[in-house]
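K.L.:
Can you read through this structure? Questions will come right after.
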Amino acid sequence: MFYHVIVTLGKDWIDTKKADLPKYPDLQLSFSSQKQVQQDNRLNLDGPLVILPPPDKIPIYEEDEKPVNHPSTSIFGSPIRSLTAEENHIRKSHTNTRLYKERVELLEEWAGFEPIKIQLTNFGQTIAKGLRVHLIIPKDNSLTLKQNDEKFPKKPEKYFISGIVMPVHDLNFLEFARLQAKMRIEDKNDHYELEWDIEKLQAGVVTSSNKVLLIKLTHPVDIKCTIFCDELPEPSNAIITLRPPEREVTINIEDIVNDQQFDELYQKYLSVFKQ
């Protein structure tokens, strides 16, 4: 009986002391792809890796040069100066002999990106305020990152028009919008730095970033993650490893030179970007 009383009182005393301890948010950052979620701080990209033909195997596009009359004084809705009769005469359509090379270059730069979602969960019993997530994402010649509001190039054309000067647009408003966004990404020499501001996160709640990261990866990369929070005595640090896809797809020459097949590749691998 005496032993039972001592054990019961001791447990009650420990529970009381635990209740008096300060409670902190329990914050966890996680990445997910379209098909998989992070496991043990590791995430495999869905894939596939896109393997393109070597540059020396790409043929030249050949077709007779065809003069074309272009009397219009505007292009893409933007006015240009009126042309003289002589200038209109020399403006004509030229064959783009680099068509196939440009198609490969476009796929090399833009194909193979996968949307990665970032989430922050508060597993604790108290609200988290003043949250800020800081990521350091190394390039290491194996990782490339874009945002899903990137404006990617249009498909290469078979002809180009001489004598046309493209209008220059002021992109300051776009940069300003990015600076005002809750998630900001800065491209450094050897890494990307990502800042994600979150006002607060209630206990037991998960929140997702307002942007999706588009990542292309050929080798494993360790991402340094730091979570700042007003309620934490010190920042929380973690390493999340991204691994490249386990499968590959090879693009052959016929996929490049055949218009229909290239159009299908263009739609398939660039659909993750807003057009």
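K.L.:
Using θ = phi - 60° and the Karplus form 6.51 cos²θ - 1.76 cosθ + 1.60, what ³J(HN,Hα) does each residue of the range 219-234 get, whole Hz, x for Gly and Pro?
P.N.:
After applying 6.51 cos²θ - 1.76 cosθ + 1.60, I find 9, x, 9, 9, 9, 7, 10, 10, 10, 9, 8, 4, 7, 8, x, 7 Hz.
K.L.:
For the range 115-135 and the range 228-243, what is the separation of their C-alpha centers, rounded to whole Å?
P.N.:
So the two Cα centres are separated by 9 Å.
K.L.:
Related question: Hey, can you grab everything whose amide H is under 5 Å from the amide H of residue 191? Only 5+ residues off in sequence or another chain; H modelled, so Pro and N-termini drop out.
P.N.:
139
K.L.:
So what's the Cα pair-distance distribution over the range 188-275, bin width 5 Å, in %?
P.N.:
Whole-percent P(r) values from 0 Å outward: 2, 8, 12, 17, 15, 13, 11, 8, 5, 4, 3, 1, 0.
K.L.:
Considering only protein heavy atoms, what per residue accessible area in square angstrom results for the range 218-275 with a 1.4 angstrom probe?
P.N.:
60
K.L.:
Hey, another quick one. For the range 32-38, what does the Karplus curve 6.51 cos²θ - 1.76 cosθ + 1.60, with θ = phi - 60°, yield as ³J(HN,Hα) per residue in whole Hz, taken in order and with x for Gly and Pro?
P.N.:
Whole-Hz 3J(HN,Hα) from phi for the range 32-38: 8, 9, 6, 10, 9, 10, 4.
K.L.:
Further question: Of 151, 224, 117, 101, which has the most accessible area with a 1.4 Å probe, and how do the rest follow in descending order?
P.N.:
Correct descending sequence by accessible area is 151, 224, 117, 101.
K.L.:
What are the semi-axes of the equivalent ellipsoid of the range 101-143, taken as the square roots of 5 times the eigenvalues of the Cα gyration tensor, listed largest first and rounded to whole Å?
P.N.:
So the equivalent ellipsoid measures 38, 12, 8 Å along its semi-axes.
The values are calculated or read from the model by the stated rules, or taken from the named source; none is laboratory data. Since this is a predicted model, take the numbers as computed values, not measurements. Keep in mind that these areas ignore ligands, DNA and RNA; they rest on the heavy atoms of the full protein, side chains included. Shrake-Rupley method; radii C 1.70, N 1.55, O 1.52, S 1.80 Å.
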